[in-house]
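Taking it in order: structure first as structure tokens, then the write-up.
The values are calculated or read from the model by the stated rules, or taken from the named source; none is laboratory data. Treat the numbers as computed from the prediction; the structure is a model and nothing was measured. Every residue, glycine among them, receives a Cβ derived from its backbone with ideal geometry; neighbour counts consider all protein chains shown. What goes into the accessible areas is simple: the full protein's heavy atoms, side chains included, and nothing from ligands, DNA or RNA. Shrake-Rupley method; radii C 1.70, N 1.55, O 1.52, S 1.80 Å.
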Amino acid sequence: MNREIELSSSLISIIIPMKNESATLAQLFSVLTPILADFPINYEIVAVNDGSCDDTLAKLIELSKNEINLKIIDLSRNFGKEAALYAGFSYAQGDCAVAMDADLQDPPELILEMINWWQQGYEIVTGVHQSRESDTYLKRKTANLFYQSINKVSDIKFTPNAGDFRLLDRTAINAFLSLDERVRFNKGLFAWIGFKEKLVYHKRSERTAGTSQWKYLQLFKFAIDGITSFSKAPLEVWFYLGIFTAIAGFLYGVFIFTRTILLGIDTPGYASLLIFVLFFSGLQMVGVGILGKYIGRIFIESKRRPIFIVRKIYDNLNANLHGEGNEF
Ligand code: UDP
Ligand code: MG
């Protein structure tokens with residue numbers, strides 16, 4: 001089903017969330033803009049400055065003097081990549097948009113292939129890492145474990161090794177924006193909205209400069225957020241575990257009772273008693289902790305705070321379109 005898309009009258013938005021990317025900017029733009037400029041499609045680059053503490057914003061403003069298609073969304077603080085991407089999609093005006101990282105780990109050449117699939121009718125084109133050679137062994141293993149477990153417990157299917165590098169058609173962008181939850185797990189949200197999806201494979205290269213913003217502890221928290229966002233299994237497992245331990249406890253009680261009746265009182269038992277108490281109080285604590293995770297989520301979501309807050313928008317082309325300050 002070939003969609004009749006006249007490229008020359010279409011606009012593509014390239015959304016790039018940035019936190020402390022000062023060192024990568026020059027190279028990013030020297031690679032990205034020639035590729036886009038050579039292609040017969042209108043483009044805009046939506047750079048979201050996600051509370052950088054270096055001179056990312058100053059460099060972006062400098063770049064925007066020569067790059068009139070660059071729109072800068074300066075957030076009031078660091079809201080995290082997921083929220084920064086949401087901000088980018090909110091301000092993107094394209095018929096389609098591609099989200100990519102600033103560090104060139106997502107090859108910009110692939111955008112052309114993505115546009116090609118978009119023209120052929122796909123509403124989402126997802127970049128999948130063919131190899132994770134640039135990641136450490138531990139990161140590869142934990143990523144595999146994450147995808148295996150989330151796909152077991154979640155109703156929607158997550159494509160392993162798909163990052164946020166993907167093209168969304170306008171219909172998919174609007175659907176994505178309509179999911180306005182505060183705790184955002186984009187991989188899941190992209191999968192949840194559905195649409196016709198095409199996977200394109202690429203090698204994930206090394207970061208061009210700067211350092212990754214993700215620490216292992218953050219990744220672990222992110223994985224737990226993902227699982228608790230898209231599955232009720234961690235909540236429900238306690239019901240079954242409870243039934244199982246109650247039955248086991250009852251049977252053990254019957255055994256102890258009968259033994260005491262038949263053989264008399266057996267005083268020793270301190271060790272087994274202690275083990276039971278410790279084990280089951282630990283188990284209960286985990287259960288309460290999981291409840292806490294979900295209640296914490298309800299607490300955050302019920303406040304309905306904005307997902308991001310904009311300090312200022314720098315936009316050469318639509319200077320009059322946006323005011324300054326409290327935009328969200
Ligand atoms: N990023 C962001 N806000 C954050 C952390 C990261 O906007 O709080 C951006 C970052 O500047 C980069 C992209 O998200 O453009 C991916 O980040 P990073 O390269 O650190 O992640 P990794 O490639 O290691 O997954
Ligand atoms: Mg990176």
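Observations, loosely collected:
- Residue match in region 253-267 (condition: over 30 Å from PRO108 (Cα atoms) and in contact with a helix residue (DSSP H, G or I) (Cβ under 9 Å, 6 or more places away or on another chain)): yes
- Residues (hydrophobic (A, V, I, L, M, F, W, C) and either crowded, with 19+ Cβ neighbours inside 10 Å or outside any helix (DSSP H, G or I) (or both)) located in region 1-22: MET1, ILE5, LEU11, ILE12, ILE14, ILE15, ILE16, MET18
- Selection within region 155-174 - more than 14 Å from the chain's Cα centre (by Cα), over 16 Å from GLU113 (Cβ atoms) and open to solvent by 10 Å² or more (accessible area, probe 1.4 Å): ASP155, ILE156, LYS157, ARG170, THR171, ASN174
- Filter result (among the polar types (S, T, N, Q) and either in a helix (DSSP H, G or I) or open to solvent by less than 30 Å² (accessible area, probe 1.4 Å) (or both)) within region 104-133: GLN105, ASN116, GLN119, THR126, SER131
- Region 63-82 - residue that is touching a Leu at 6+ places or on another chain (Cβ under 9 Å) and assigned to a helix (DSSP H, G or I) and, of those, most open to solvent (accessible area, probe 1.4 Å): LEU63
- Cβ pairs under 8 Å, 6+ apart, first in region 150-167 and more than 21 Å from ILE16 (Cβ to Cβ), second within 16 Å of ligand 2 (Cβ to nearest atom) and open to solvent by less than 60 Å² (accessible area, probe 1.4 Å): PHE158/LYS187; THR159/VAL128; PRO160/VAL128; PRO160/ALA143
- Sole residue being within 30 Å of the chain's Cα centre (by Cα) and either in a helix (DSSP H, G or I) or among the hydrophobic types (A, V, I, L, M, F, W, C) (or both), chosen from GLY242, GLY289, GLY282: GLY289
- For PHE280: the one exception among (1) open to solvent by 50 Å² or more (accessible area, probe 1.4 Å); (2) within 16 Å of ligand 2 (Cβ to nearest atom): (2)
- Residue identified as closer than 27 Å to TYR314 by Cβ, more than 16 Å from ligand 2 (Cβ to nearest atom) and in contact with a helix residue (DSSP H, G or I) (Cβ under 8 Å, 6 or more places away or on another chain) among ALA83, ALA97, ALA87, ALA102: ALA97
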